[in-house]
Amino acid sequence: MAELTRVRHWADALIALHLDPSWTFGFDTAKTRAGLCNYTSRRITVSRYLASRYDDDEIHQVLLHEVAHAIAGTRAGHGPRWKAVAAELGYEGKRLHDGAIANELAPWVGACPAGHVHYRYRTPTRVLACGKCSRRFDAANTIEWNRRPVSRSA
Ligand SMILES: [Zn+2]
Ligand SMILES: [Zn+2]
């Protein structure tokens with residue numbers, strides 16, 4: 001569990017060390033990604049939901065990922081230039097931190113008869129069939145949904 005004040009401290013230090021002083025840091029309320037690098041507002045943000053759930057090392061990696069985006073520039077994407085910058089900063093890249101990693105926060109968890117697990121943020125309102133079992137709708141692969149409690153310690 002990373003403390004938000006500490007996360008902010010690291011972020012400010014990384015920005016001071018690697019970026020132009022016009023860059024700032026803040027928290028956002030995203031639930032489906034960990035970090036964001038906004039080139040227009042020159043701002044790096046991190047999800048406060050995930051920051052409070054990740055451990056220190058993990059959230060530090062998220063910060064390095066985003067700072068690398070800021071240095072490499074918007075057109076670098078996750079290509080070789082970004083990778084080189086990120087590696088230089090100490091990003092290990094075990095997983096891509098702005099991917100769909102926030103399934104742990106999705107309140108609806110479903111499973112098809114074959115056991116494929118699915119996540120939804122909104123209440124499923126119609127019958128959904130498993131897309132992994134068949135690309136086409138097949139009622140035999142109907143997903144059974146269960147709502148679970150999701151804690152959002154901020
Ligand atoms: Zn990224
Ligand atoms: Zn399935």
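The values are calculated or read from the model by the stated rules, or taken from the named source; none is laboratory data. Nothing here was measured: the structure is a model prediction, and the numbers come from that model. Using ideal geometry, Cβ is built from the backbone for each residue, glycine included, and neighbour counts are taken over all protein chains shown.
Just one of the numbered conditions (1) surrounded by fewer than 20 Cβ atoms within 10 Å (Cβ to Cβ); (2) in contact (Cβ under 8 Å) with a residue 60 or more places away in the chain; (3) closer than 21 Å to A2 by Cα is not true of H18: (3).
Residue check: D55 meets all listed conditions (1) under 30 Å from R120 (Cβ atoms); (2) crowded, with 17+ Cβ neighbours inside 10 Å but one, namely (2).
Of note, S52 satisfies the criterion of being closer than 17 Å to E3 by Cβ, touching a helix residue (DSSP H, G or I) at 6+ places or on another chain (Cβ under 9 Å) and touching a residue at least 60 places away in the same chain (Cβ under 8 Å).
Candidates in segment 34-46 are the residues that are surrounded by fewer than 19 Cβ atoms within 10 Å (Cβ to Cβ) and part of a loop (DSSP other than H, G, I, E, B); of these, the one that is farthest from ligand 2 (Cβ to nearest atom) is R42. Just one of the listed residues (T45, T24, T32, T74) is in contact (Cβ under 8 Å) with a residue 60 or more places away in the chain, polar (S, T, N, Q) and on the phi < 0 side of the Ramachandran plot, namely T32.
Here is a yes/no grid of residues against (1) part of a loop (DSSP other than H, G, I, E, B); (2) at pLDDT 90 or above; (3) out of contact with any strand residue (DSSP E or B) (no Cβ under 9 Å at 6 or more places or on another chain):
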{"site": "A16", "(1), (2), (3)": "no, yes, yes"}
{"site": "L50", "(1), (2), (3)": "no, no, no"}
{"site": "V67", "(1), (2), (3)": "no, yes, no"}
{"site": "R75", "(1), (2), (3)": "no, no, yes"}
{"site": "K83", "(1), (2), (3)": "no, yes, yes"}
{"site": "G93", "(1), (2), (3)": "yes, no, yes"}
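Taken over segment 25-46, the criterion of being at pLDDT below 90 and of a type in the set (G, A, S) is satisfied by A30, A34, G35.
Determine whether segment 100-107 contains at least one residue that is in a helix (DSSP H, G or I), surrounded by 12 or more Cβ atoms within 10 Å (Cβ to Cβ), at pLDDT 85 or above and aliphatic (A, V, I, L, M). Scanning segment 100-107, I find no residue that is in a helix (DSSP H, G or I), surrounded by 12 or more Cβ atoms within 10 Å (Cβ to Cβ), at pLDDT 85 or above and aliphatic (A, V, I, L, M), so the answer is no.
For segment 117-140, the criterion of a residue being more than 23 Å from A13 (Cβ to Cβ), assigned to a helix (DSSP H, G or I), modelled with pLDDT of 90 or more and not aromatic (F, W, Y) is satisfied by at least one position.
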